[in-house]
Amino acid sequence: MPDTLRIDGQRLLARLKRLGEIGALPGGGVCRLALTEEDRLGRECVVGWMRELGLSVSTDAMGNVFGMRPGRETGAPVMTGSHIDTVRTGGLYDGTLGVLAGLEVVATLNDAGITTRRPLCVAFFTNEEGARFAPDMMGSLVYVGGMPLEEALATEGIDGQRVGDCLAAIGAQGDQAVGQPVVHAFVELHVEQGPVLEESAVTIGAVEKVQGISWTELTFTGTSNHAGTTPMRLRHDAGYAASATATFVRELVTRIGGDQVGTVGSLEVQPNLVNVVANQARLTVDLRNTDNDRLTRAETELAAFVEQLAEREGVEVAQRTLARFDPVPFDPGMVDRVEASAKALGHSVSRMPSGAGHDAQMLARVCPTSMIFVPSVGGVSHNIHEYTAPEELTAGANVLLQVMLDLSD
Ligand code: GLV
Ligand code: MN
Ligand code: MN
């Protein structure tokens, strides 16, 4: 293993900056929601870099993109990658770091004239964020066979548009069968998006598992009426039901404690006027826990609360699961490799769980998988101020290089 080889941090930063210009927001950050015009431009940019680096690019029917670098032998590649879609208030590093660090690994090997034994592959997966179309990690879920392609293509987003139509509209649908290429091992570099590494002054996280994720959409339907004349005893207030649910979620996760977290991140009331009792309210609940039993308990308690509340208030409630993924343990041997490579490069390293969802948790269904984390300043992410220092981006990409060399030879 040529362990003196190092990636070019400036070149990695330049690509991160350039991709961050596509969908750039005033004040920093980026909005490249999945399958929008901004996503199309981002794809064009990254695919252009893949071709410049000599990768052969293929796209599957889900719009997942694969850049292959041949090895001395044929067979399943060692894959890295992540996603280039973002939430509406995204930072510059969530997802893009994993993809562009993969390209930086390829550029470094090209410069050094190294051909690995196994082929390498740099991938980016469609709609990791799930912010426009639920569930999150949709492209990698379809790739590993966890969701039928037809079901994914028929999924309606928050704007009523369908995944399949949007893929076609931006020309992102390819002809490769989903599930190709078959992969030997997968490793994803990502920013932590939480405070743990920074607080413990550690540079590299060797990610052991991803916590379980549960997304539910609740729609309450009541009766619109006059805010001044309707006695409280005659109200069927969907807005009240939604706010009581949001308050309950906070109480619930506090009571369960430990790693349990809960978020009401989207709440819309109709007709949304000062003097009209709301006749409809739609909200989302995001519950996560590393412990699946506790996560299930949180889901059960929420469902029971919502049923009782609806009955008391005389409103209808519809519950719809948008995403449900159990916690995912990564391959212990892969986690060891990340830890060993970080140590060999002289970096401090901690084993840790991931709070966020990642494409790697889907790839773990089909091959040995792990992740490399680098610190997020202030633990801030899904926010335009997301930031990781250049030295730490570089450190993470060098660990990625070593792990990929190790896996491919
Ligand atoms: C997706 O990346 C999530 O963790 O929400
Ligand atoms: Mn991400
Ligand atoms: Mn994200």
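Of L97, L92, which residue is within 13 Å of ligand 3 (Cβ to nearest atom), in contact with an Asp or Glu (Cβ under 8 Å, 6 or more places away or on another chain) and not charged (D, E, K, R)?
L92
Matching residues to (1) out of contact with any Leu (no Cβ under 7 Å at 6 or more places or on another chain); (2) within 16 Å of ligand 1 (Cβ to nearest atom); (3) not acidic (D, E):
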residue: G160; (1), (2), (3): yes, no, yes
residue: V163; (1), (2), (3): no, no, yes
residue: I170; (1), (2), (3): no, no, yes
residue: G174; (1), (2), (3): yes, no, yes
residue: Q180; (1), (2), (3): yes, no, yes
residue: A185; (1), (2), (3): no, no, yes
residue: E188; (1), (2), (3): yes, yes, no
residue: V191; (1), (2), (3): no, yes, yes
residue: P195; (1), (2), (3): yes, yes, yes
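Mind checking whether some residue in the stretch 141-155 is assigned to a strand (DSSP E or B) and either free of Cβ contacts under 8 Å to residues at least 12 places away in the same chain or assigned by TED's automatic domain parsing to the domain that holds R365 (or both)? Quick ask: steps written out before the conclusion?
Going residue by residue through the stretch 141-155, those that are assigned to a strand (DSSP E or B) are none.
Within the stretch 141-155 (the criterion being assigned to a strand (DSSP E or B) and either free of Cβ contacts under 8 Å to residues at least 12 places away in the same chain or assigned by TED's automatic domain parsing to the domain that holds R365 (or both)), the answer is no, since none of the residues qualifies.
Does the stretch 317-325 contain at least one residue that is in contact with a helix residue (DSSP H, G or I) (Cβ under 6 Å, 6 or more places away or on another chain) and crowded, with 16+ Cβ neighbours inside 10 Å?
Yes, the conditions are met somewhere in the stretch 317-325.
Which of (1) surrounded by fewer than 18 Cβ atoms within 10 Å (Cβ to Cβ); (2) within 16 Å of ligand 3 (Cβ to nearest atom) does M138 not meet, given it meets every other one?
(1)
Kindly indicate the residue of the stretch 224-258 that is touching a Gly at 6+ places or on another chain (Cβ under 8 Å) and outside any helix (DSSP H, G or I) and also surrounded by the most Cβ atoms within 10 Å (Cβ to Cβ) among those meeting that condition.
D237
Any chance you could count how many residues in the stretch 379-409 are among the charged types (D, E, K, R), within 28 Å of L141 (Cβ to Cβ) and assigned to a loop (DSSP other than H, G, I, E, B)?
1
Six or more apart or on different chains, Cβ atoms under 9 Å: show the pairs whose first residue is in the stretch 212-229 and on the phi < 0 side of the Ramachandran plot and whose second is basic (K, R) and within 16 Å of ligand 1 (Cβ to nearest atom).
Note: pairs meeting the criteria are G212/R288; G212/R324; I213/R288; I213/R324; S214/R288; S214/R324; W215/R324; T216/R324.
How many residues does the stretch 265-302 contain that are free of Cβ contacts under 8 Å to residues at least 60 places away in the same chain and in a helix (DSSP H, G or I)?
Number satisfying all stated conditions: 6.
Which of (1) under 22 Å from R6 (Cα atoms); (2) over 21 Å from the mean Cα position of the chain (by Cα) is the odd one out, the single condition F186 does not satisfy?
Result: F186 fails condition (2) only.
Which residue out of T108, T115, T126, T80 is of a type in the set (S, T, Y), within 16 Å of ligand 3 (Cβ to nearest atom) and touching a residue at least 12 places away in the same chain (Cβ under 8 Å)?
Within the list T108, T115, T126, T80, the selection yields T126.
Among the listed residues S370, S376, S348, which satisfies the condition of being within 22 Å of the chain's Cα centre (by Cα), small (G, A, S) and farther than 21 Å from A185 by Cα?
S376
I need the strands (runs of 3 or more DSSP E) fully contained in the stretch 308-378, keeping only those with at least 1 residues that are under 30 Å from L218 (Cα atoms) and in the same structural domain as R297 (by TED's automatic domain parsing).
It comes to 316-325.
Residue by residue, here is whether (1) touching a helix residue (DSSP H, G or I) at 6+ places or on another chain (Cβ under 6 Å); (2) not acidic (D, E) holds:
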{"residue": "M362", "(1), (2)": "yes, yes"}
{"residue": "P368", "(1), (2)": "yes, yes"}
{"residue": "N383", "(1), (2)": "no, yes"}
{"residue": "E386", "(1), (2)": "no, no"}
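The values are calculated or read from the model by the stated rules, or taken from the named source; none is laboratory data. Predicted model, so just to flag it, every value in this text is computed and none were measured. Cβ atoms come from the backbone with ideal geometry, glycine included; neighbour counts cover every protein chain shown.
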